[in-house]
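Here the structure comes first, spelled out in structure tokens, and everything after it is commentary.
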Amino acid sequence: MHNKIRKAKESDSHVVPEIMLQAMGDIIFRFIQKEDPTEAVLFLTQLFRQKGNLYSYENTFVAIDDNERIVGSLTGYDADQFVELRQPILDHMKEQYNNNLIPEAETAGNEFYIDSIAVAPIARGKGIGTQLLQYAITHAKQHGFKQVGLLVDLKNPNAQKLYERIGFKLGKKTPFAGGEYYHMYISLD
């Protein structure tokens, strides 16, 4: 099965934030200060619909299956814009949840940074994650990036194996939002 991948649209907000939450649950729960999946989806939906932030539809690609369902998403952006794109999220956390948390930077810049990648439970094991990653790598090459980077949770060896299979290399350990991650990268030279 070969899925179609396209840029997300604001109107995809009815499903993409739920898919995103699968990759970001613990982090988003820290942002909203409670383990409430419904509230977490609302948080992501509000940000997904807005322009100019890390989780915006502008920075997201979606995988569409043969039945025209969104079955996966990948959010990524120019890491040199990280601080600027993160600010609306910090503002939203403060205004909506009285949370002054400022997490560590996920990326040091100078790369196309994959913030989140997730596949809907009904579509797992069908190569959609690989397809999304390859699409993002091609997108990064076409836009002149020299590297694609992402974080992988130390507690998620299966994801790490997937990234390594595609060609990502293990970088340094990076603390983020209370967890420990490896920065992984693939050079595009």
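None of the figures in this text is laboratory data; all of them are computed from the coordinates on show. It should be emphasised that the depicted structure is a prediction, and the values quoted were computed from it without experimental measurement. All Cβ positions, glycine included, derive from the backbone under ideal geometry; neighbour counts span all protein chains shown.
At-a-glance table
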{"read-out": "Within the range 78-119: Cβ-based charge dipole about Cα centre, in debye rounded to nearest 20 (Lys, Arg +1; Asp, Glu -1)", "value": "200 debye"}
{"read-out": "Coordinate range along principal axes, alpha carbons of the range 4-187, Å, largest first", "value": "41, 40, 30"}
{"read-out": "The chain - percent relative contact order, Cα under 8 Å, separation 6 or more", "value": "19 percent"}
{"read-out": "Loop sites in the range 1-55: trypsin sites (Lys or Arg not before Pro), DSSP, at most 13 other Cβ within 10 Å", "value": "LYS9, LYS34, LYS51"}
{"read-out": "Length added when fully stretched, ILE64-ASP80, from 0.36 nm per residue minus Cα-Cα", "value": "2.8 nm"}
{"read-out": "Length released on extending from SER11 to THR138, taking residue separation times 0.36 nm less the Cα-Cα span", "value": "43.2 nm"}
{"read-out": "Cβ-based net charge around ASN110, under 12 Å, with every Lys or Arg adding one and every Asp or Glu removing one", "value": "-2"}
{"read-out": "Separation of alpha-carbon centers, the range 95-139 and the range 157-189, rounded to whole Å", "value": "12 Å"}
{"read-out": "The range 123-152 residues near the modelled ASN110 label - backbone nitrogen below 17 Å, point 7 Å along Cα→Cβ", "value": "144-150"}
{"read-out": "Environment charge at PHE145 (Cβ cut-off 13 Å; Lys +1, Arg +1, Asp -1, Glu -1)", "value": "-2"}
{"read-out": "Within the chain, longest stretch free of exposed GluC sites (Glu not before Pro) [DSSP loop, at most 10 other beta carbons within 10 Å]", "value": "105-189"}
{"read-out": "Cross-link pairs LYS7/LYS51; LYS7/LYS141; LYS51/LYS173; LYS4/LYS141; LYS4/LYS169 - those with Cα-Cα distance over 23 Å", "value": "LYS51/LYS173; LYS4/LYS169"}
{"read-out": "Inter-label distance, nm, simple model (7 Å from Cα along the C-beta direction), LEU42/GLN147", "value": "4.0 nm"}
